[in-house]
Structures are given as structure tokens and as C-alpha cells.
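The values are calculated or read from the model by the stated rules, or taken from the named source; none is laboratory data. Just so we're clear, the structure is a prediction, and the values are computed from it rather than from any experiment. Heads up, the Cβs are rebuilt from the backbone with ideal geometry, glycines too, and the neighbour counts pull from every protein chain shown.
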Amino acid sequence: MLGEERLKERAALESTLYVFAQFFAWREIVRREIQFLRFPRDEETRETARLLLHIGETFLTDQFGNQFMIWRVEQRGLGERMIVTADGKPRCMGYAAFIEHRETMSEWLEPLEHDLKNLQSRGRERLIQLQHQLLELVMRLDPNQTRYPFKLERA
């Protein structure tokens, strides 16, 4: 039973690290392909860009201490490592490829892994703030709940 618990813990840790890396990959793709970030109204485009900026800044600020504090260049570096090309278009690698290439990202993933294993209250505060911002971003990108037809809850 203990071995099974450790496997579940490892899977939870790996999938959480993947979600962090996946976000940075898509944000890097949007940054590179910014001409595709257009909404019917300019205000919607500005608000979405503002949200993306605030999410990046929430990772940067020391307001929550050092846990989950990731410099902008580290955010970009991790995002860059997660980008693959499919049909001539940039995409985020899938989970299996992430596990296979995880070692190439260890300098950015190891501090995150350490923070997840040693979560403190200020780190939790940063994660809650990020979850709220990401929820706002999802609601802005999917206002008709087409991609996410279920109710999304704040932490």
C-alpha cells in the first residue's frame, strides 16, 4: 500500500509541475504570436493582455516570500522548453513528452518541486492568487463556457 501511495504522490507532483510548465509554454506561444491575440473589441484584447501580465507579475513578486517565485526569464525559459512544433505551428508538449524531457527542465522544475513538497502559508497565498487570476483568464477566454461547460470554483 505504501508503494501505491508514493506512486500517487509522485503522479500528483508530476502533473502539477506539468500544469505550471504548460501555462508558461502557452504564454510564451501567445507572446511570440501576439498578432493572434485579438478580440472583437480592443478593450477585450487589452484586458486579456493585462491579465497575462498580472499572472507573470504574481510569480515575480516577493510579496509572498520566495515560494513559487519565478523570474520572468525563468518563466520564459521553461515555456520555451515546453514548446514543440506540430504541423508547422507551435504547441505545448503533452504530458508524456514532458515526463520524457523533464530532465532538460530540471533547473526550473526542481525549485517548484521543492516548494510543492514544503508548502508554507505564503506560498499557498501566492497559489491562491494565481488560481484566481487564472480563473479570471479562463472566464475571459471562454465566456460562453464552451471549453469548460462546468462551474469553475475559486480556491
> So which of GLN63, GLN67, GLN22 ends up being assigned to a loop (DSSP other than H, G, I, E, B), at pLDDT 90 or above and either in contact with a strand residue (DSSP E or B) (Cβ under 8 Å, 6 or more places away or on another chain) or loosely packed, with under 14 Cβ neighbours inside 10 Å (or both)?
Replying inline: GLN63
>> I'd like the residue in region 135-154 that is over 16 Å from THR45 (Cα atoms) and of a type in the set (A, V, I, L, M) and, out of all such residues, is nearest to the chain's Cα centre (by Cα).
In response: LEU135
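Yes or no: region 71-82 includes at least one residue that is surrounded by fewer than 13 Cβ atoms within 10 Å (Cβ to Cβ) and acidic (Asp, Glu). Walk me through how you get there before you give the answer.
Just the residues of region 71-82 that are surrounded by fewer than 13 Cβ atoms within 10 Å (Cβ to Cβ), to begin with: 71-73.
Now narrow it down to the ones that are acidic (Asp, Glu): none.
There is no residue in region 71-82 that is surrounded by fewer than 13 Cβ atoms within 10 Å (Cβ to Cβ) and acidic (Asp, Glu).
Tally time: how many residues in region 85-141 are hydroxyl-bearing (Ser, Thr, Tyr) and either touching a residue at least 24 places away in the same chain (Cβ under 8 Å) or in a strand (DSSP E or B) (or both)? Before the answer, list the steps.
Here is the first cut: in region 85-141, the ones hydroxyl-bearing (Ser, Thr, Tyr) are 85, 95, 104, 106, 121.
Imposing the further condition that a residue be either touching a residue at least 24 places away in the same chain (Cβ under 8 Å) or in a strand (DSSP E or B) (or both) reduces the set to 85, 95.
Going through region 85-141 one residue at a time, the tally reaches 2.
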>> When you check GLN35 against the structure, is it modelled with pLDDT of 80 or more and out of contact with any helix residue (DSSP H, G or I) (no Cβ under 7 Å at 6 or more places or on another chain), yes or no?
In response: no
> Only one of (1) more than 20 Å from HIS114 (Cα to Cα); (2) at pLDDT 90 or above is not met by GLU4, so which one is it?
Replying inline: (2)
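On the given criteria, is ARG154 closer than 16 Å to ILE55 by Cα, in a loop (DSSP other than H, G, I, E, B) and at pLDDT below 90? Talk me through it step by step, then tell me what you get.
Working: closer than 16 Å to ILE55 by Cα: yes; in a loop (DSSP other than H, G, I, E, B): yes; at pLDDT below 90: yes.
It is true that ARG154 is closer than 16 Å to ILE55 by Cα, in a loop (DSSP other than H, G, I, E, B) and at pLDDT below 90.
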> Which residue out of GLU74, GLU47 is among the acidic types (Asp, Glu), free of Cβ contacts under 8 Å to residues at least 40 places away in the same chain and out of contact with any strand residue (DSSP E or B) (no Cβ under 7 Å at 6 or more places or on another chain)?
Replying inline: GLU74
>> With among the charged types (D, E, K, R), within 14 Å of the chain's Cα centre (by Cα) and either at pLDDT 80 or above or farther than 28 Å from ALA96 by Cα (or both) as the only criterion, which of GLU14, GLU43, GLU47 stands out?
In response: GLU14
> Which members of region 2-18 meet the condition of being acidic (Asp, Glu) and surrounded by fewer than 11 Cβ atoms within 10 Å (Cβ to Cβ)?
Replying inline: GLU4, GLU5
